[in-house]
Amino acid sequence: MYSLLQRLFPICRSITGDGVRETLAVMKAIIPPLKIKEIPSGTKVFDWTVPDEWNVRDAYVRNESGERVIDFKKSNLHLVGYSTPFEGFMTLKELIPHLYTLPDQPDWIPYVTSYYERNWGFCLSHRQFSEMKDETYFVKIDSSLEPGHLTYGELLIEGETDREILLSTNICHPSMANNELSGPVVTTFLAKYLLERVKKPHYTYRIIFIPETIGSIAYLSMHHNYLKKRTIAGYTVTCVGDRGKFSYLKTRRENTLVDRVTLHVLKHKAKNSGIYDFLKRGSDEMQYCSPGIDLPVGSLMRTKYHEYPEYHTSADNLAFVSPKSLDESLEMYKLCLDALEKNRIYKNTVLCEPQLGRRGLYHQISTKENIQKNYAVL
Amino acid sequence: MYSLLQRLFPICRSITGDGVRETLAVMKAIIPPLKIKEIPSGTKVFDWTVPDEWNVRDAYVRNESGERVIDFKKSNLHLVGYSTPFEGFMTLKELIPHLYTLPDQPDWIPYVTSYYERNWGFCLSHRQFSEMKDETYFVKIDSSLEPGHLTYGELLIEGETDREILLSTNICHPSMANNELSGPVVTTFLAKYLLERVKKPHYTYRIIFIPETIGSIAYLSMHHNYLKKRTIAGYTVTCVGDRGKFSYLKTRRENTLVDRVTLHVLKHKAKNSGIYDFLKRGSDEMQYCSPGIDLPVGSLMRTKYHEYPEYHTSADNLAFVSPKSLDESLEMYKLCLDALEKNRIYKNTVLCEPQLGRRGLYHQISTKENIQKNYAVL
Amino acid sequence: MYSLLQRLFPICRSITGDGVRETLAVMKAIIPPLKIKEIPSGTKVFDWTVPDEWNVRDAYVRNESGERVIDFKKSNLHLVGYSTPFEGFMTLKELIPHLYTLPDQPDWIPYVTSYYERNWGFCLSHRQFSEMKDETYFVKIDSSLEPGHLTYGELLIEGETDREILLSTNICHPSMANNELSGPVVTTFLAKYLLERVKKPHYTYRIIFIPETIGSIAYLSMHHNYLKKRTIAGYTVTCVGDRGKFSYLKTRRENTLVDRVTLHVLKHKAKNSGIYDFLKRGSDEMQYCSPGIDLPVGSLMRTKYHEYPEYHTSADNLAFVSPKSLDESLEMYKLCLDALEKNRIYKNTVLCEPQLGRRGLYHQISTKENIQKNYAVL
């Protein structure tokens, strides 16, 4: 899993674009039945519209000495996501409204996007910014923002019944490791595990790799009636690569099957896990659990998004996640799925106590408990 | 409110009669849409019958010196409510079975009635009684007890919906201030407040001024099916003028909307309020909540009837209540009604999260929380 | 009750056979409407089959001196229940696999059965076993195990309604006093009490005297649909003769009427009673409460089976039970049945408060509480 994460890390992903396509192609090599699907820009999806597709070839801010003081090629975090094409000379004063830094975390580049309002900007460390002189800069953003597609991956693994378990994870984040490459990476290996089972699973698994928010909304706008009839449990898989303790964000209804199963597994396998109720939601479970959609989807994480300082910065890097953490997370998800798979209500087919004796399941001679064990003495 | 209370205090009210009509006429001057209605004596109302109408012109006990030792004109509490006409000479011994005193509260005149059995009597302070000599007294009760009407007031304030909130209070008590003039006085001003609102209230308000027990039973016998369909909450307004803490008597079902709303308001606005469950009922909520009627009617009071020594005596007088207490009670009732008015369940009209950004309700640029506030530093 | 228990003690009962018939005949003399019924061997009853009928004339192990070292005539516990006929010479070593003792309770004979696998054996005290020499023994079991019948008793006492209370007790145990003669003995007198009531009971009582497990299964296979429609409560009556505290084993659903009634009675009449939940079940309540049968049947006992050392041994003898204990148990069952009988929901036939005054149920003159009691002073 860690190798896959390393392989995917440098790709510039966003909610649309070739970075998403490349990411999904790498995953398809591991789980070949994965289907890659596209929704055209402009498609109405509930209250939203699928935006134009964004792609970047190059982007930089060059100083008077011809030096690239901010360079997209060094880190794709340097460019504000969905920046429009731009080219021109600017004074530092003119440039500042387009620059984003984190004064409290002066060595880290923040992650900033402007999906639904046309804009452009650069992100840089506060230290780097402090060194910028009051001179004239040449700004170049060689991007395109044009009608295209929103791309997502979908994998259906048929089980014995058509009742489904949903796994959903995001493929829209550029070079950040925990949030969010750990999610799609662990989900890919969970899919592999399910595909390689000797025995068909009891439930059907629907596994989707989508951009956050717009992706789940678009997916639900096409499938929510179908999903509502069939989905018995689900997870948004996110933030599963860091070294922190496990945590679980409950579904809106708080006591659905997935809540009971996950809390049961955590209780026995991950002492001192954090438990969040739905008021702390923040990822696609917001859409899945929303009123009228009402899918029972929780989120099993390690350290929750927003809860660690490296979140949405360049410090959420390859060193921030560990192979061991990814393994443990995969294992914990397997335990949850196994618990869901094994959770059955057995129904008696005979009335009254069955006659166990004639099936060799009960002693034939009825005695007090202390007789048999004293045979030895005799 | 205190002036109104002073104005109404001397009137001789009972469950029927001209005192009730006069009282309602004074209120109608303040809340003109109040309708005054009458039900004829003899009308069957569930298990009860509307009694004959009672009116008193004069009543006294005169000693041999021609002195009125007990005089209805000094306090209408001196005459047992619903005393039949009587005139005659009696020894003290013959008179005693018709006299009522409170030996434990020797300066107070008790309040006694005999609505449903024809009888007559006088109430006096125990001290006054102790001074009565063993002589012959002339007793005169110039009352009438004849077919007439039960009179009550009704005010309907239309809201946006036909679902109703019921306010009910008693106008059957003679000269007592807390129980019961505070109830109708606060209710009158609550009605005034509702009538003077600029915006129509959400709920329709049904406000009734009735004699206790027989009044609510008579009213329910005519309207209970209608009320059951529409009433979402209600109060019997009583004992709201004394200086004690607030208390609330819960509905029979204990967890209806009015219970939740009132306990919520009290929790935040009147610490250490007393809470009574329905077993402690004693006023018209008995009828409203009775099995088969099942209206959700509680009672928000200050010190509950029966729970203060002055209750049903001449000590429940104008000094026992205060303008401030009346004001606070009015305010508390307004808070409860406002909470009822504002209690709504909003329903989403779109599925999934609405796109707040394009409605100017969400930042267009998605960043970590600490970026924007540091713009100033830049 | 103790005399009846003494009378029944020596009879060799089992799940079938003449001992059961004799036992039921003795009971019928006390409660003549008792009906004695039979089900043929080989009848399929749910997952079970009614076994062949077993009867014993004699059984012993004789040593070389011609002495009966183990003798069924001394105690019917000496013979393993349902022992097949056998006759032959055996060394001690050959005999040992057919002998059952309790090394931890060396003076007591255990109670052993082999109903559903053809076998034979003897039970004896460990002390008696220790004295057996290594010689040749003559073994004789003069029993028969042939198609016949399973015999049970049934008594229906009609009440005002056809809703039923079930009492069930076992008549399959040989010479043991608490488990199980106390059960049928107390049940017989409970039946007598119900039959002798002057007034018909409200509920119909179904009282059955059956062999454990196979008896209740057979009975249910014939009647379960009927019982399910009518049974509102029931008990398996067992272990009610010892000197221990009362205990109650709850129904599977834990909060049925019989649970609430019995716990209520115990709370008020038998402090410190033991309460067992259904996981501790062990007698016919297992069948009555089983999924799909779902009758609300609990068990009110003194010391529960398995919970006292004398259980299923010769020490569960006439001295182990007492007349006083039997009486108390009968009384406790009567209290429970009375509570069930008296448990009614009264429905108002008038709306609002009824007018109690005109029925002489309320004072005609309404005063403060302290007036009346001071009349004396006047």
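Throughout, read-outs are computed from the coordinates displayed, never taken from laboratory work. None of these values were measured; they are calculated from a predicted model. Ideal geometry is used to build each Cβ from the backbone, glycine not excepted, and the neighbour counts take in all protein chains shown.
Here are some notes:
- Gaussian network model of chain B, springs between alpha carbon atoms under 10 Å - residue of B:Ser175, B:Ser14, B:Ser130 with greatest fluctuation: B:Ser130
- Note on chain A: with a GNM built from Cα contacts shorter than 10 Å, the maximum mean-square fluctuation among A:Arg21, A:Arg118, A:Arg253 falls on A:Arg118.
- P(r) weight above 53 Å for the protein assembly as shown, C-alpha pairs, percent: 56
- Packing, as the average of other Cβ atoms within 10 Å across residues, places the peptides A:231-241, A:306-316, B:254-264, A:208-218 in the order A:231-241, A:208-218, A:306-316, B:254-264, highest first.
- Column: log10 I(q)/I(0), Debye, Cα scatterers of the range B:251-328, q = 0.12 Å⁻¹: -0.42
- For GluC sites (Glu not before Pro), the sites in the range B:38-114 that DSSP calls loop and that have at most 13 other Cβ atoms within 10 Å are B:Glu64, B:Glu67.
- Scaled radius of gyration (Cα, divided by 2.2 N^0.38 Å) that the range C:66-205 gives: 1.47
- Whether the range B:242-288 is rounded, prolate or oblate, judged on the alpha carbon gyration tensor where a/c under 1.5 counts as rounded: oblate
- Per-residue ³J(HN,Hα) for the range B:92-97, Karplus 6.51 cos²θ - 1.76 cosθ + 1.60, θ = phi - 60°, Hz, x for Gly and Pro: 4, 4, 5, 6, 3, x
- Between the range A:289-352 and the range C:107-145, the Cα center-to-center distance that results, in Å: 61
- Over the range B:274-378: Rg over Rh, Cα atoms, Kirkwood Rh: 1.30
- Amide H contacts of A:Leu102 (H built 1.01 Å from N, under 5 Å, at least 5 apart or other chain): A:His126
- Take the Cα of A:Lys200, go 7 Å toward its beta carbon, and the backbone nitrogen atoms of the range A:134-159 under 19 Å from that spot belong to A:155-159.
- FRET efficiency estimate (nearest 0.05) - Cβ-Cβ, A:Tyr193 to C:Asp58, R0 60 angstrom: 0.30
- GNM flexibility winner over chain C from C:Lys28, C:Lys368, C:Lys44 (Cα, springs under 10 Å): C:Lys368
- Nearest-to-axis residue of chain A, judged by beta-carbon position, where the axis maps A onto C, in Å: A:Asn255, 12
- With the convex hull drawn around the C-alpha atoms of the range C:161-207, the volume per residue stands at 61 Å³.
- Under the Karplus curve 6.51 cos²θ - 1.76 cosθ + 1.60, θ = phi - 60°, whole-Hz ³J(HN,Hα) for the range A:48-62, x wherever Gly or Pro sits: 10, 10, 4, x, 4, 8, 10, 9, 10, 9, 7, 6, 7, 10, 10
- Computed over the Cα atoms of chain A, pair by distinct pair, the Kirkwood hydrodynamic radius stands at 23.0 angstrom.
- Taking a ≥ b ≥ c as the square roots of the eigenvalues of the Cα gyration tensor, the range C:40-114 is classed as prolate, since a/c reaches at least 1.5 and a/b is larger than b/c.
- For the range B:256-378, the relative contact order comes to 26 percent (Cα pairs under 8 Å, sequence separation of at least 6).
- Relative contact order computed over chain C (Cα-Cα under 8 Å; 6+ residues apart), in percent: 18
- Helix-only CD estimate at 222 nm, as mean residue ellipticity for chain A, using -39500 (n - 2.57) per DSSP H run (n ≥ 4): -8000 deg cm²/dmol
- For the range B:204-213, the Karplus equation 6.51 cos²θ - 1.76 cosθ + 1.60, evaluated at θ = phi - 60°, returns couplings of 7, 10, 10, 10, 10, 10, 9, x, 5, 6 Hz by residue, with Gly and Pro reported as x.
- Averaged over B:44-50, number of beta-carbon atoms from partner chains that fall within 10 Å: 4
- Where labels lie 7 Å past Cα in the beta-carbon direction, separation of C:Asp104 and B:Thr43 in nm: 8.1
- The overall shape of the range C:167-312, judged from the alpha-carbon gyration tensor, is rounded, with an a/c ratio under 1.5.
- At an R0 of 41 angstrom, the distance between the Cβ atoms of A:Ser3 and A:His306 translates into a FRET efficiency of 0.90.
- FRET efficiency for the pair B:Thr349 and B:Ile96, taken as 1/(1 + (r/R0)^6) with r the Cβ-Cβ distance and R0 = 51 Å, rounds to 0.10.
- Over the range A:84-214, relative contact order from alpha-carbon pairs under 8 Å, at least 6 apart, %: 27
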